1. Could you check, for segment 50-63, whether at least one of its residues is of a type in the set (Phe, Trp, Tyr) and part of a helix (DSSP H, G or I)?
2. So residue 102 ticks every box in (1) surrounded by 15 or more Cβ atoms within 10 Å (Cβ to Cβ); (2) under 16 Å from residue 2 (Cα atoms); (3) hydroxyl-bearing (Ser, Thr, Tyr) but one. Which box is left unticked?
3. Mind checking which residues of segment 1-31 are crowded, with 20+ Cβ neighbours inside 10 Å and within 19 Å of residue 71 (Cβ to Cβ)?
4. Take segment 79-102 and flag every residue that is touching a strand residue (DSSP E or B) at 6+ places or on another chain (Cβ under 7 Å) and at pLDDT 90 or above.
5. Got a sec? Which of 96, 90 is surrounded by 13 or more Cβ atoms within 10 Å (Cβ to Cβ), within 17 Å of the chain's Cα centre (by Cα) and either acidic (Asp, Glu) or closer than 18 Å to residue 62 by Cβ (or both)?
6. Please name all residue pairs, on different chains or six or more residues apart, with Cβ atoms under 6 Å, provided the first residue is in segment 66-86 and is in contact (Cβ under 8 Å) with a residue 40 or more places away in the chain and the second residue is of a type in the set (Lys, Arg) and surrounded by 16 or more Cβ atoms within 10 Å (Cβ to Cβ).
7. Answer yes or no as to whether residue 76 is over 13 Å from the mean Cα position of the chain (by Cα), modelled with pLDDT of 90 or more, on the phi < 0 side of the Ramachandran plot and of a type in the set (D, E, K, R).
8. Any residue in segment 34-44 that is free of Cβ contacts under 8 Å to residues at least 60 places away in the same chain, aliphatic (A, V, I, L, M), under 24 Å from residue 131 (Cα atoms) and assigned to a helix (DSSP H, G or I)?
Amino acid sequence: MTFLVVRVRSDRGVERSIRDTMGMLNLTRVNHATIVPESSTYAGMLQKSKDFVTWGVVDAGTIENLLTQRGRMVGDKPVDDAAVKAGSDFKTVKAFAKALASGEASMKSVDGLKPVLRLHPPRGAKGWGGIKRAYSIGGALGFRGDEIGSLAERMI
């Protein structure tokens with residue numbers, strides 16, 4: 001299982017350890033996203049930065065869409081089947097996305113793939129829905145579960 005983590009809030013006036021944790025997650029700016037495996041290490045990092053990020057379990061179809069639309073290789077080149085085949089053992093973006101979703105691969109598995117996905121702010125009337133409240137009470141922060149896919153579609 002894999003998590004999609006999106007940075008929601010800025011880190012102005014934030015405790016240094018939380019800022020460092022978001023840096024370790026490669027979330028240096030608002031509306032940046034990254035894909036991380038489900039492990040106890042990442043779970044602790046997500047809990048530490050829960051007031052500034054949102055995350056949820058992402059499926060292979062959403063990962064494939066994110067990589068083809070917003071993923072970038074070194075040199076700001078788009079991610080396509082040829083780039084994935086040249087930089088890894090995977091033949092297509094779809095195969096890489098499937099391995100990424102199951103936890104068999106990571107963003108580092110493809111040479112030259114940038115670990116950050118730069119997303120657009122959420123489109124639609126709701127937008128974020130409040131960046132100072134938890135998702136469970138109608139805001140944008142914290143764990144979303146499977147609903148992260150719909151947010152990702154609005155941000156592509």
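1. Within segment 50-63, none of the residues are of a type in the set (Phe, Trp, Tyr) and part of a helix (DSSP H, G or I).
2. The single condition residue 102 does not satisfy is (1).
3. The answer is 2, 3, 4, 5, 6, 7, 25, 27.
4. Within segment 79-102, 79, 83, 100, 101 meet the criteria.
5. Criteria check complete, one pass: 96.
6. 72/114
7. no
8. yes
The values are calculated or read from the model by the stated rules, or taken from the named source; none is laboratory data. Since the model is a prediction, treat every value here as computed from it, not as a measurement. Positions of Cβ are backbone-derived with ideal geometry, glycine not excepted, and every protein chain shown enters the neighbour counts.
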